[in-house]
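Student: My structure is below; once you've seen it, I'll send some questions.
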Amino acid sequence: MFERHHYIAGKIVEGTSGRFGPIFNPSTGQQIGKVALASKAEVEAGIAAAEAAFPAWANTSVVKRARVLQNMVHILYREKDALAKVLSTEHGKVFSDAQGDVQRGLETAEFAQGIPHLLKGEYSDNVSTGIDMYSMRKPLGVTVGITPFNFPAMIPLWMSCMAIACGNSFILKPSEKDPSMPMMLADLWKEAGLPDGVFNVINGDKEAVDTVCTDPRVKAVSFVGSTPIARHVYATATANGKRCQAMGGAKNHMIIMPDADLDQVADALIGAAYGSAGERCMAISVAVPVGQQVADKLVAMLKPRVEALKVGHSMDPEAELGPLVTADHLAKVQGYLDLAEKEGADVIVDGRDFKYNMQGYENGYYLGGTLYDNVKPGMRSYKEEIFGPTLQVMRAENFEDAIHLPSAHEFGNGTSIYTRDGDTARAYANRVDVGMVGINVPIPVPLAFHSFGGWKNSAFGDMNQHGMEGVRFYTKTKTVTSRWPTGIRAGAEFVIPTLNS
Ligand code: NAD
C-alpha cells in the first residue's frame, strides 16, 4: 500500500497531521494507498513556500516563463500514457478516456506557452499633450487550485498552466480520491525548469481548503467541484478578500428536434451520457425529444444500445465505461436511481443489478447503464445531479417547452441541440439560460483558447477557466499615466485633469 504526501518547495514533504484518507482502485474495490490530509500548520508552510518563490518567478522574463510551458508541453506528451494509467487506476475511467483527460489538460499548456502575446498590455500615445498612458497585467501572488476527482489531469492543468504562465506561484489541492496523478505533475514541472516553490501540492480535505480560503497571503482561489462546496469556497474566499472562481455541479440537457438525424443523436447520447460512467460535469443527463413520435423512436433506438454497453475494469481495452469512483458514490447513484423509479419515471433499461464477474474485479464499484422515460420537472431525481451512467428522457411538445427545461433548471453548465434547422439552432444558442452550448455537438467543452464556465448554480464568480478569462483571473491590471519633463510648466492644477489640453 503506497502513501501520498505533499510537495512543497521542490520536494516531497511527509504529512505530520496523523490524518490519512484511503485511496481505492475502483475497478477492484481494493484500498491501494492512503493520502496524508494536511493540518492547518502544514498548509501554512506550503503557503509560505509559495510566497517565498513568487517574487523571483514574477520577475522572470515572460519569454523564459513561456519556455517552461513549452517544455511542459513536450514532457506531458511524452508522459501522457504513464499519467493516464495512474489516473485511470484511481479514478476508474477507461484508459482511452484517461488519455483524453491528460490531452485536454496539456492543451492548456499549449495555449499558455503563448503567454508573451496574451500578456501584452494596451498603450495610448499622447492622451493629452506630452502624456502617454499604458496598462499592463501583473501577477497576483500566491494562487490556489482546488480540484475534483473526475478530471485529475485536465483541471489541475487548466489552473496551474494559466496561473504559472502569468507569473504567479501556485498550490494545488487535488481531490483526496485520486491524488497520485496530480502529484506526478510536480516532478514534471520541475523537469520543465520551473523553480522550486512555484508549483506545490498540498493534499487534504476541509481543513486544507478552509485554510487556503482564509489565509491573507493567498490572493486567488480557483475551485471546481460540487455546488455546495463551490458555494462555501466562494463565500469564504471572497469574504476574506480573495479573487475566486468556483465551478459547481450540472444537469445538462440535449434537445432533439423532429428534423434531427436520429442515428447521430443516438450515437451522441450514448457517448455523452454513459462515457466516463456519467462522471463528467458536461455529461448529458437529460434527453429532451420534441414531439411524441421522435421520443418513441429515440427511446426504441437507445434501449438496445444501453443494454449492450460494455462495462469493464479501467484497463480493459474493450470496456466503454468503467466503475464509479468509490463505494459511497456508487451507493449515492443507486439511491437516485431507486428514487427516480419511486417518483414515477418509467425504467426502460435497469443497470442497477449489473454484476461484473471477471475474476479479481468482483468487488469493483460497477453499475450498468440505466435509461428512464417520462421524467417530469418536479421529480427530485431530475432536479439534482446524479453523476452516474444514467439518462433521463423528458418529452416536450414543442421547442418552447424544450428550451424552458434547461433554462428553468438551477444548474446551467452545458446543453446541446440537435437539429438541421439554422434558425432553431441559432434561437436556442441565443436564448437558452446556460453557459456552454453545443449545436449538433453533445459535449461542448470549449478548447483552451476559449474559456470554460457554466451559469447559475454551476459557477460562482465572474471569470471562467482558461482562454483570455484565465489570463484576466490570474492577473491584475496596472495603468500608468506618464509625462516626461518638456520644460512646459502647467502650474498647480486644482481641478481633476480633463481632456482640454
Ligand atoms: P467535491 O465538491 O466533493 O470535491 C471537490 C473538492 O472540494 C475536493 O478537492 C475536495 O477535497 C474538496 N472538499 C470536499 N468536501 C469539502 C468540504 N466540506 N469543505 C471544503 N472542501 C471540500 O466534488 P467531487 O465529488 O470531487 O467532484 C464531482 C463534482 O464536481 C460534481 O458535482 C461535478 O459536476 C463537479 N464538477 C464540475 C465541473 C465544472 O466545471 N462545473 C467540472 C468537473 C466536476
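Every number in this text was worked out from the coordinates using simple rules, so none of it is lab data. Just so we're clear, the structure is a prediction, and the values are computed from it rather than from any experiment. With ideal geometry, Cβ positions are generated from the backbone for all residues, glycine too; neighbour counts draw on all protein chains shown.
Student: Would you mind checking the pairs Lys85/Lys310; Lys219/Lys478; Lys93/Lys303; Lys173/Lys310; Lys34/Lys206 and listing those with alpha carbons more than 28 angstrom apart?
Tutor: Beyond 28 Å: Lys173/Lys310.
Student: Moving on to the next point. Show that you can apply the helix-only estimate: for the chain, add -39,500 (n - 2.57) for every DSSP H stretch of four or more residues, divide by all residues, and state [θ] at 222 nm to the nearest 500.
Tutor: That calculation yields -12500 deg cm²/dmol at 222 nm.
Student: In addition: Compute the FRET efficiency between Arg19 and Lys85 as 1/(1 + (r/R0)^6), taking r as their Cβ-Cβ distance and R0 = 30 Å, and round to the nearest 0.05.
Tutor: 0.60
Student: Cβ under 14 Å from Gln99's Cβ, Gln99 left aside: what net charge do those residues give with Lys, Arg +1 and Asp, Glu -1?
Tutor: 0
Student: Evaluate E = 1/(1 + (r/R0)^6) for Thr238 and Ile12, where r is the Cβ-Cβ distance and R0 equals 30 Å; express this FRET efficiency to the nearest 0.05.
Tutor: 0.40
Student: Now for a different question. Could you check the simple spin-label distance between Lys190 and Phe2, using points 7 Å along Cα→Cβ, in nm with one decimal?
Tutor: 1.5
Student: Distance check, please: which entries in Lys383/Lys476; Lys242/Lys456; Lys355/Lys456; Lys80/Lys242 exceed 29 angstrom between their Cα atoms?
Tutor: Lys383/Lys476; Lys355/Lys456; Lys80/Lys242
Student: Still on this model: May I ask for the distance between the Cα centers of the range 5-23 and the range 117-190, given as a whole number of Å?
Tutor: Cα centroid of the range 5-23 versus Cα centroid of the range 117-190: 24 Å apart.
Student: Using only Cα atoms, tell me the angle between helix 399-408 and the longest principal axis of the chain; keep it within 0 to 90° and round to the nearest 10.
Tutor: So the inclination is approximately 60 degrees.
Student: Convex hull volume of the Cα atoms in the chain, per residue, in Å³?
Tutor: 168
Student: For Phe460, which sequence-distant residues (separation of 5 or more, or a different chain) have an amide H within less than 5 Å of its own amide H, given hydrogens modelled in the peptide plane?
Tutor: Those qualifying (amide H under 5 Å, at least 5 residues apart or on another chain) are Ala246, Met247, Gly248.
Student: Using the Cα centre as the reference, give the magnitude of the dipole from point charges on the C-beta atoms of the chain (Lys, Arg: +1; Asp, Glu: -1; all else neutral), rounded to the nearest 20 debye.
Tutor: So the magnitude is around 1720 debye.
Student: Summing +1 for each Lys or Arg and -1 for each Asp or Glu, what net charge is found among the other residues whose Cβ lies under 11 Å from the Cβ of Lys478?
Tutor: With Lys, Arg at +1 and Asp, Glu at -1, the net is +3.
Student: List, in order, the whole-Hz ³J(HN,Hα) value for each residue of the range 465-471 obtained from phi through the Karplus relation with A = 6.51, B = -1.76, C = 1.60 and θ = phi - 60°; use x for Gly and Pro.
Tutor: 7, 6, x, 5, 4, x, 4
Student: To continue, here is another question. Would you mind calculating the gained length between Lys332 and Ala427 on full extension (0.36 nm times residue separation, minus the Cα-Cα distance), in nm to one decimal?
Tutor: So the extension gain works out to 30.5 nm.
Student: I would also like to ask the following. Among Phe494, Phe387, Phe223, what is the fewest-to-most ranking by other Cβ atoms within 10 Å?
Tutor: In increasing order of surrounding Cβ atoms, one gets Phe494, Phe387, Phe223.
Student: A further question follows. Among Met162, Met394, Val35, flag the residue with its Cα farthest along the positive direction of the charge dipole of the chain, charges on Cβ as +1 for Lys/Arg and -1 for Asp/Glu.
Tutor: Ranked along the dipole, the leading option is Met162.
Student: Students often check this: by mean Cβ neighbours within 10 Å, which of 390-401, 296-307 ranks highest, and how do the rest follow?
Tutor: 390-401, 296-307
Student: What nm distance separates the two modelled labels at Arg231 and Val441, each placed 7 Å from Cα along Cα→Cβ?
Tutor: 3.1
Student: A follow-up question, please. Residue by residue through the range 5-18, what is 3J(HN,Hα) from phi via Karplus (6.51 cos²θ - 1.76 cosθ + 1.60, θ = phi - 60°)? Round to whole Hz and write x for glycine and proline.
Tutor: After applying 6.51 cos²θ - 1.76 cosθ + 1.60, I find 10, 10, 10, 10, 6, x, 8, 6, 10, 5, x, 10, 6, x Hz.
Student: Now, a different point. When the chain is fully extended, how far beyond the present Cα-Cα distance does Asn59 get from Arg78, taking 0.36 nm per residue of separation?
Tutor: Gain on extension, Asn59 to Arg78, equals 3.9 nm.
Student: Placing +1 on the Cβ of each Lys and Arg and -1 on the Cβ of each Asp and Glu in the range 305-450, which of Tyr372, Thr326, Val347 has its Cα farthest towards the positive end of the resulting dipole?
Tutor: Checking the options against the dipole of the range 305-450, the answer is Thr326.
Student: Stretched out fully, how many nm does the piece from Lys310 to Asp346 gain, at 0.36 nm a residue minus the Cα gap?
Tutor: 10.7 nm
Student: Can you give the local net charge around Asp261? Use residues other than it whose beta-carbon is closer than 13 angstrom to its beta-carbon, Lys and Arg +1, Asp and Glu -1.
Tutor: Counting the neighbours of Asp261, the net charge comes to -2.
Student: How far is helix 40-59 tilted off the main Cα axis of the chain, in degrees rounded to 10, range 0 to 90?
Tutor: Helix 40-59 and the main axis of the chain meet at about 50 degrees.
Student: Next up: Per residue of the range 109-123, what does 6.51 cos²θ - 1.76 cosθ + 1.60 with θ = phi - 60° give for ³J(HN,Hα)? Whole Hz please, x for Gly and Pro, Karplus curve as stated.
Tutor: Once rounded to whole Hz, the list reads 5, 4, 5, 6, 5, x, 4, x, 6, 5, 8, 4, x, 10, 9.
Student: Let me ask something else. Calculate how steeply helix 62-91 sits against the longest principal axis of the alpha-carbon atoms of the chain, using the helix alpha-carbon long axis, and give the answer as 0 to 90 degrees to the nearest 10.
Tutor: 20
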